[in-house]
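Only the coordinates and a few stated rules stand behind these numbers; no lab work does. All of these numbers come straight from a predicted model, not from anything done at the bench. Please note: Cβ atoms are built from the backbone with ideal geometry, for glycine as well, and neighbour counts cover all protein chains shown.
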Number of protein chains: 2
Amino acid sequence: MLINHAKRADDANYKFDAIIRSLLDTDFYKFLMLQFIWKDFKDVPVTFSFINRTSSIKIGTMIDEEILRKQLDHVRSLRFTESELIWLAGNKFYGYRDIFAPEFIEWLRFFEMPPYELEHQDGQWVLHFSGDWVHTSMWEIYALSIINELRTRAAFQNMNEFELDIFYARAKSKLWDKIDRLRGIRGLNFTDFGTRRRHSFLWQDYVVQALKAQLPGIFMGTSNVLLAMRHDLEAKGTNAHELPMVLAALSRLNMMPCDLKETQYEVLRIWQKSYGGALLMMLSDTWGTTQFLRDAPDWATDWTGLRVDSKDPATAGEEYITWLQSRGRDPKGKLLLFSDGLDVDDIIRLYAQFGGEIQPGFSPQDFTGPEDFLNPKKWLHKPRIRVSFGWGTLLTNDFRDCHPRKLQAFEPLSLICKVSEVCGHPAVKLSDNYLKATGSQEEIEFYRMLFGTDGMSNLPVLV
Amino acid sequence: MLINHAKRADDANYKFDAIIRSLLDTDFYKFLMLQFIWKDFKDVPVTFSFINRTSSIKIGTMIDEEILRKQLDHVRSLRFTESELIWLAGNKFYGYRDIFAPEFIEWLRFFEMPPYELEHQDGQWVLHFSGDWVHTSMWEIYALSIINELRTRAAFQNMNEFELDIFYARAKSKLWDKIDRLRGIRGLNFTDFGTRRRHSFLWQDYVVQALKAQLPGIFMGTSNVLLAMRHDLEAKGTNAHELPMVLAALSRLNMMPCDLKETQYEVLRIWQKSYGGALLMMLSDTWGTTQFLRDAPDWATDWTGLRVDSKDPATAGEEYITWLQSRGRDPKGKLLLFSDGLDVDDIIRLYAQFGGEIQPGFSPQDFTGPEDFLNPKKWLHKPRIRVSFGWGTLLTNDFRDCHPRKLQAFEPLSLICKVSEVCGHPAVKLSDNYLKATGSQEEIEFYRMLFGTDGMSNLPVLV
């Protein structure tokens, strides 16, 4: 067998295996939001902070500080390449060309990541990114992908070659079983939202290629811009909590000509100046979905759809449909996008509930695979509303029960990176799930007083 | 990424991928039998014939004649290498050195495979190997491995890269689940007997390496001589049906100074002139185990053990123990080797039954994994007899349910290659299972009249 001597020598030289190798290796919505910020909120000083919601896992003891610093420093050395900028400028997104202003693309040419502050406390990483919003915002996905992949690598330390081989064989079998559960479900579609909590870049790359090959018409694209570019897929995603969080904090500091409660709609007003069509997706849960819908101005019903992120998804979906009907709108033209900790069972049940009509005598729990959707006594393909799914962690990081020695070293962690301060003042998210609130306790109380807690509850947070 | 240009060019040059690349890529018992034949029966003219017992599968239509000929011709071009002969001569087998006479090793130096006759009939291959026994005998394993692997390759034709990837991932997961079922069962041991019906050489190589790494103390070695040499494992196996079959046919032709019924013991008499200890394993089912044990001379109870190959294994094991006791021998020093179509469930149940004492209220069916052997209310590690397992097809070729499109293209086939003629006269095997008898129908009837059919039955033949 011929040896590739150069490769072998290079392997032996091995020093550093960069996790983020392109600034496009992030979620597409970051670019849409970045242009939003760049237009009107460029210089707002904010801090993003890394939080491990799975606090029982001491992530700080698993990952060597020097290695984490090297990975973060490497991201700071990256620049957008000419080809990447040409692709961003020239590609169609959600059917639209020229979504990004030429001046924004020119600005990206000189973009570089700002510094970070890293400390170690009680076995956890204390990791903050402070600076102007238009730079710090980009750390969210890079930091999360890096920490997740370093945790993967740490868990590999005690596994030999055969164990790694069977570990991936099992994960592939699991992935394929999921694919088989969805193959052939009429009208179903979903998107990969798994960048931030992926097992590794190369695994997400594998998953995306497998889905593209195996589920045409069902797999609609990926939130990962680099993978979308490489594999000629749709880049997907719209906006996130950081927009209302920062605007609300600015209002609280009297730096916005707008009431705090109004900022959640002010975000939409500003957003629709730049974007239209399928990009008009409301994220309603920053301060609670129930109050958001109840108090929303009528023009909000013109928006294309709702992304459900922290409420029990079946409940939230019904709430959105009822709201549309109460405002005299037909849900059939609207879109429900589910994106919170989904696995294949959730996707199938939610699709049964919203993507058609479940027939009398059956409930969503009776749906487990394609065959259930082919029986007209059980289900009719009469969509109540357009439905889609943003499938994240359990698509790109489901290695549960794959460890050959049955260790729990690869259970998904709930790692997040959220805006924590605006102009030195705490930023807050309430969310529909009490356990997913972020911010200082006093400030959370203030927001809860203001927005109320209608429709909020405690749900388990898996990822 | 650096490309290995030489490899890429070589891949593009791809013409022929040899299946058998060494004359050691065969079962060890072939060498023990070859020396037996070489000493006393060198020039006996025999024919070995290939038979597809799974006649519903038209193996002749799946495999291109030219490709089959190329593979068989390639085996004819092989010679034992110097290193291989040194290993055969210098290695310990079953604890013994110098098992092979120096003259035999010298004779092997000039060994080459004899011609074959290949025809195509009703969708099946008609494949005969005629010549002196000491050469034709060696075709059995090479021919079977070649046809099995060509069938594998044929089934790959319509699978794309992702499908192949998931196919192997699933097979690895299955293999690992089997390993996990056996890990930690006290006193258990087994051997790979899967050369002839393997999926491919490289897969058997993978399986053997996985077992060596994962089941130390339980995985005792392989029947494959090349893999034993490469991976420093024990080469295992003793003798097969061809010995009594040929000697019986010679007796029927009055070419042996021995009654036909006596030839089954004459084989043992000649064998023990060359071999001793653990190599004294009786294969009792050529004409039926019940008559073999009943009529056996008392010195046969000195032999180390019995290999069970075609009878219901639990029944055959009890029969052997009863026989030993009736002849005043203690079974505890003897060895039961099960070798017929085993899978992990059979191994666990048979080990429960013979490798210890099942406690009142339980039966072999209640044993499924290691935990069952740790409960002293269920099982005591007091071996009734020494037990071992020769695990074949379902170790090295279990790809059932691995096909991503659920095709049945990889179900194991029951392919055999048996001595069919001796000096132009039909050779016969009756076996304990009516369905596994081989030979002309008239001749089978004659042998059944002579040996009787005590203890024979119909059992499903999976592999």
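With the cut-off at under 13 Å, measuring from each backbone N in segment B:94-136 to a point 7 Å along the Cα-to-Cβ line of B:D73 picks out B:116. Compared with the direct C-alpha span, the chain from A:E318 to A:F111 gains 70.3 nm at full extension, assuming 0.36 nm per residue. Based on alpha-carbon centroids, what's the gap between segment B:372-444 and segment B:1-52 in Å, whole number please? Spelled out, the Cα-based centre of one part sits 22 Å from the other. Measuring nothing but how far apart in sequence close Cα pairs (under 8 Å, 6+ apart) lie, relative to its length, segment B:97-172 scores a relative contact order of 18 percent. The spread of Cα positions in segment A:313-363, taken along each principal axis and listed from longest to shortest, comes to 33, 28, 17 Å.
For segment B:310-421, the fraction of C-alpha pairs more than 16 angstrom apart is 67%.
A straight Cα-to-Cα reach below 17 Å connects A:K39 with the lysines A:K30, A:K273, residues fewer than 8 places away in its own chain not being considered. Summarising the overall dimensions of the protein assembly as shown from its C-alpha atoms, the Rg and Dmax are 35.1, 115 angstrom. Take the Cβ atoms of B:E371 and A:L435, set R0 to 30 Å, and the FRET efficiency comes out at 0.25. Summary for B:D330: label point 7 Å along Cα→Cβ; distances to the equivalent points in the other copies, ascending, 9.0 nm.
Computed from the C-beta positions of A:E65 and A:L202, the FRET efficiency with R₀ = 35 Å rounds to 0.90. Model label points for A:M255 and A:D98, set 7 angstrom from Cα along the Cα-to-Cβ axis, are 3.4 nm apart. Rounded to whole numbers, the Karplus 3J(HN,Hα) couplings from phi for segment B:268-277 are 5, 4, 5, 4, 6, 6, 9, 10, x, x Hz, using 6.51 cos²θ - 1.76 cosθ + 1.60 with θ = phi - 60°, and x at Gly and Pro. Put a dot 7 Å past the Cα of B:T301, heading toward its Cβ, do the same for A:F446, and the two dots end up 9.6 nm apart. Solvent-free Debye calculation, one equal scatterer per alpha-carbon of chain B: log10 I(q)/I(0) at 0.07, 0.09 Å⁻¹ equals -0.36, -0.60. Summarising the overall dimensions of segment A:18-134 from its C-alpha atoms, the Rg and Dmax are 16.6, 49 angstrom. Measuring nothing but how far apart in sequence close Cα pairs (under 8 Å, 6+ apart) lie, relative to its length, chain B scores a relative contact order of 20 percent. The Cα-based radius of gyration and maximum Cα-Cα distance (Dmax) for segment A:193-299 are 17.6, 52 Å. With contacts taken as Cα pairs under 8 Å and at least 6 residues apart, segment A:51-147 reaches a relative contact order of 31 percent. Relative to the Cα centre, the charge distribution of chain B, modelled as +1 at Lys and Arg Cβ and -1 at Asp and Glu Cβ, gives a dipole magnitude of about 1120 debye. Listed by chain and number, the lysines placed with their C-alpha closer than 19 angstrom to that of B:K261 are B:K429; residues fewer than eight positions away on the same chain are left out. Model label sites at B:T81 and B:F16, defined 7 Å from Cα along the beta-carbon direction, differ in position by 1.8 nm. In nanometres and ascending order, the distances from the B:H381 label point to those of the other copies are 5.9 (point 7 Å from Cα along Cα→Cβ). Considering only C-alpha atoms, what is the centroid distance from segment B:235-300 to segment A:107-141, in Å? Here the answer is 80 Å between Cα centres. Lys and Arg at +1, Asp and Glu at -1: add these up for the other residues within a Cβ distance under 10 Å of B:K39 and post the number. It works out to a net charge of 0. Put a label point 7 Å from Cα along the Cβ direction on A:E318, then list its distances to the equivalent points in the other copies in nm, shortest first. Listed shortest first, these distances are 6.0 nm.
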